[in-house]
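Visitor: I have a structure here, written as structure tokens, and I will follow up with some questions on it.
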Amino acid sequence: MQEKVSVLVIDAEEIIVASIAKALGRGQVPKYEVIGANTPLDGLKLMRERLFDIIIMDMALPGVDGLEVLRRIKSTNPSVHVIVMSGYSPDRSFLNTVMASADAFLPKPFTYGEIASSISLILPGGG
């Protein structure tokens, strides 16, 4: 039996976390174990407790700058794959800064196909 891909979703909006969990849970044999965090501090705490294969995070997080959260994620686990989401249209400079550490960028709103495509680009065999 193939091991599930562990995914941490960090987003202040519970509906986003639930939607991603539902989207990745499709199929008769779910390939993903999705855990959600609604604050960056909760997400970072979960990262210290276990390893994740992928972190999907919003850049607009309460209390901490998204770039700072991304920096902390990569300093805690440099090999973790990170997909960054944002509802704002970033300028080129910001996007270049994000992509220096992240594996993919998803503009909100996004589709299940876009999430799956991002994962398939960063994981061997598409997860």
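Visitor: From the list 69, 64, which one is over 18 Å from residue 115 (Cα atoms), modelled with pLDDT under 95, under 13 Å from the mean Cα position of the chain (by Cα) and of a type in the set (Val, Ile, Thr)?
Guide: Working: 64 fails: under 13 Å from the mean Cα position of the chain (by Cα).
The match here is 69.
Visitor: I've got another one for you. For a quick check of your reading: which helices (runs of 4 or more DSSP H) sit entirely within the range 1-85 and have at least 3 residues that are under 15 Å from residue 103 (Cβ atoms) and either touching a Gly at 6+ places or on another chain (Cβ under 8 Å) or without any contact (Cβ under 8 Å) to a residue 60 or more places away in the chain (or both)?
Guide: Working: elements: 14-24, 40-49, 66-76.
Passing ranges, in order: 66-76.
Visitor: Condition test on residue 60, is it among the aliphatic types (A, V, I, L, M) and surrounded by fewer than 17 Cβ atoms within 10 Å (Cβ to Cβ)?
Guide: Values: among the aliphatic types (A, V, I, L, M): yes; surrounded by fewer than 17 Cβ atoms within 10 Å (Cβ to Cβ): yes.
Answer is yes for this residue.
Visitor: Taking the range 97-116 only, how many residues are loosely packed, with under 15 Cβ neighbours inside 10 Å and assigned to a strand (DSSP E or B)?
Guide: 1
Visitor: Sort through 58, 53 and tell me the only one that's within 19 Å of residue 19 (Cβ to Cβ) and among the charged types (D, E, K, R).
Guide: Numbers: 53 fails: within 19 Å of residue 19 (Cβ to Cβ).
Result: 58 is the single residue among 58, 53 that is within 19 Å of residue 19 (Cβ to Cβ) and among the charged types (D, E, K, R).
The values are calculated or read from the model by the stated rules, or taken from the named source; none is laboratory data. Values in this document were obtained by computation on a predicted structure and should not be read as measured data. Note that each Cβ is placed from the backbone with ideal geometry, even for glycine, and that neighbours are counted across all protein chains shown.
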